[in-house]
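Here's the structure we're looking at; comments come further down.
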Amino acid sequence: MKDTQAPAGGGAVADTPQPRRLTDSQVFRRRRIARISLFVFLIVLVFAAFVLSMMIGQYPIPLNQIFPILFQGPPGTDTFGNQSVMWNIRLPRIVLGLVVGAALGVAGALMQAVFANPLAEPSVIGVTSGAGVGAAVVIVFGWSFLGTSTVPFAAFITAVLTTVMVYQLARFDGQVHVINLILTGIAINAVCGAIISLLVYVAPATSREQIIFWQMGSLNGALWKQVVVVTPIIAAGMVVAIILGGALDILALGDKAAAHIGVNVAFVRIAAIAASTLLTAGAVAYAGLIGFVGLIIPHLLRSITGPANKILIPASALAGAALIGLADIAARTLISFADLPIGIFTAAVGGPTFFILLRRMLRKGRKG
């Protein structure tokens, strides 16, 4: 005789509602809406940071005067007041900060794509430590062959040369593997750190303070000529990064798979490293060492945009610009009549954010 009793605990198992799976078109639509929403949010955030930076400071400017001052154009040499403060002090600082933030965000996205590691950043290949050596040498020895541009020029040149050195030392049998780049970068970073420490030790007190402050990062004293010098370099790096977006997506499949499809793996990797070096060197030349932007921004955005670098790279540019813009506002206003280093705020935001992301990754790994 058949047992017709229902299973203990109530209704039949067959009646339990099953979760409805989304179709591919629905998943694509949701992801597209999320990406559009993200870009709208980031554009609004950058615009808000831009406007707030013009308004807030030791010399406040009302919102209703911002746009009339902008439309009036630069003031004359004998003009003082809001127009002079806006065009001669705040605007070059704001524009330089947005450009630097965008550069660092994109540089981080490129490095994470090249190394196939969400924890990679430009410092992996020695760009920032190399820049620190150049700046420290010029400061300690008091060289001023280019006037106020001597330190930025030296930092940019040594950043590029250090990256070239890392790439050449990582070459073995005519090939450069990712693991070789990482290990060589660690060694070069250690050497550069030792050189900087030695220079700080032998430097006089004033030079020592200048080196330490430069390593913390700051936009204090930004000028239009600095913006004019840095912007073309960073723009060139941005263009290369956007062009490489599709190839970097294919590179994520692995070197062999990418080469089989027709991608020149060595060329793409060299171009991405060169673009990241230009972006980072250009950013730190005048702004100093600003950490965590290249690490946190792409890593945080990837959970929303997905792994596609064509989307991630421009999103990282906007998010990096917004972060530096907001950090600079805090640096100028948190303490009256003081200009704090921006690196303090990017580290204060980046450290906890990185820890939260790390815990989330570990939790997902445990569930998987």
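Treat the count of other C-beta atoms within 10 Å as a stand-in for reagent exposure and order Thr162, Thr280, Thr353 from fewest to most.
Numbers: Thr162 27, Thr280 35, Thr353 16.
Ranked by crowding around the Cβ, least crowded first: Thr353, Thr162, Thr280.
Angle check, please: helix 150-169 long axis (alpha carbons) against the longest principal axis of the chain (alpha carbons), in degrees 0 to 90, nearest 10.
Roughly 40 degrees, rounded to the nearest 10.
Ile179 to Arg29: extension gain in nm, 0.36 nm per residue of separation minus the Cα-Cα distance? Walk me through the intermediate numbers first.
Values: separation 150, 0.36 × 150 = 54.00 nm, distance 3.77 nm.
Extra length available between Ile179 and Arg29 comes to 50.2 nm.
In nm, what is the difference between 0.36 nm times the number of residues separating Phe213 and Ala348 and their Cα-Cα distance? Don't skip to the answer; put the middle values down first.
On the way: separation 135, 0.36 × 135 = 48.60 nm, distance 1.68 nm.
So the extension gain works out to 46.9 nm.
Which FRET efficiency, nearest 0.05, do Asn220 and Val40 yield, Cβ-Cβ r, R0 45 Å? Provide the component values of the computation, followed by the final result.
On the way: r = 32 Å, r/R0 = 0.71.
The value I calculate is 0.90.
Please identify, among Thr333, Thr231, Thr305, the residue showing maximal mean-square fluctuation in a Gaussian network model of the chain using a 10 angstrom Cα cutoff.
It is Thr333.
Could you tell me the center-to-center distance, by alpha carbons, between the stretch 50-101 and the stretch 286-344 in angstrom?
So the two Cα centres are separated by 21 Å.
Quickly estimate the mean residue ellipticity at 222 nm for the chain, helices only: each DSSP H run with n ≥ 4 gives -39500 (n - 2.57), and the total goes over all residues, rounded to 500.
On the way: 15 runs with 263 residues, N = 368.
So the calculated ellipticity at 222 nm is -24000 deg cm²/dmol.
Tell me the angle of helix 293-305 to the major Cα principal axis of the chain, expressed in degrees between 0 and 90 and rounded to the nearest ten.
30 degrees
Could you work out the percent of alpha carbon pairs in the chain separated by over 34 Å, rounded to a whole number? Can you show the working numbers first?
Details: 23371 of 67528 pairs.
Taking all Cα-Cα pairs of the chain, the fraction more than 34 Å apart is 35 percent.
Positive end of the dipole of the chain, charges at C-beta (+1 Lys, Arg; -1 Asp, Glu), about the Cα centre: which of Phe67, Ile290, Gln175 has its Cα farthest in that direction?
Gln175
Rounded to the nearest 0.05, what FRET efficiency do His260 and Thr148 give with R0 = 45 Å and r taken as the Cβ-Cβ distance? Could you check?
Working: r = 52 Å, r/R0 = 1.15.
So the FRET efficiency works out to roughly 0.30.
Please arrange Glu121, Glu209 by counting, for each residue, the other beta carbons lying within 10 Å of its beta carbon, fewest first.
On the way: Glu121 27, Glu209 13.
Ordered by Cβ neighbours within 10 Å, fewest first: Glu209, Glu121.
Calculate the FRET efficiency for Ala338 and Ser303 from the Cβ-Cβ distance with a Förster distance of 45 Å, rounded to the nearest 0.05.
On the way: r = 36 Å, r/R0 = 0.80.
Step by step, r from the Cβ atoms, then E = 0.80.
Taking the chain as a Gaussian network, Cα atoms linked when under 10 Å apart, which of Val114, Val51, Val160 shows the biggest mean-square fluctuation?
Val51
Mind checking the angle between helix 342-367 and the chain's longest principal axis? C-alpha axes, 0 to 90 degrees, to the nearest 10.
Taking Cα atoms only, the helix is inclined about 10 degrees.
Looking only at Leu244, Leu357, Leu52, which one moves most when the chain is put into a Gaussian network model with springs between Cα atoms under 10 Å?
Leu357
Normalised by the number of residues in the chain, what is the relative contact order in percent for Cα pairs under 8 Å and 6+ residues apart?
Details: 500 pairs, mean separation 102.4, N = 368.
In percent, rounded to a whole number, it is 28.
With a point put 7 Å past each Cα toward its Cβ, work out how far Ile66 is from Leu198 in nm, to one decimal.
Between Ile66 and Leu198, the label points sit 5.0 nm apart.
How would you classify the stretch 312-356 from its alpha-carbon gyration tensor, with a ≥ b ≥ c the square roots of the eigenvalues: rounded for a/c under 1.5, else prolate if a/b is greater than b/c, otherwise oblate?
Numbers: a/c = 3.61, a/b = 1.56, b/c = 2.31.
Oblate, since a/c reaches 1.5 and b/c is not below a/b.
Quick note: the coordinates plus some simple rules give every number you see, no bench work behind them. Computed from a predicted structure; not experimentally measured. Virtual Cβ from ideal backbone geometry, glycine too; neighbours counted across all protein chains shown.
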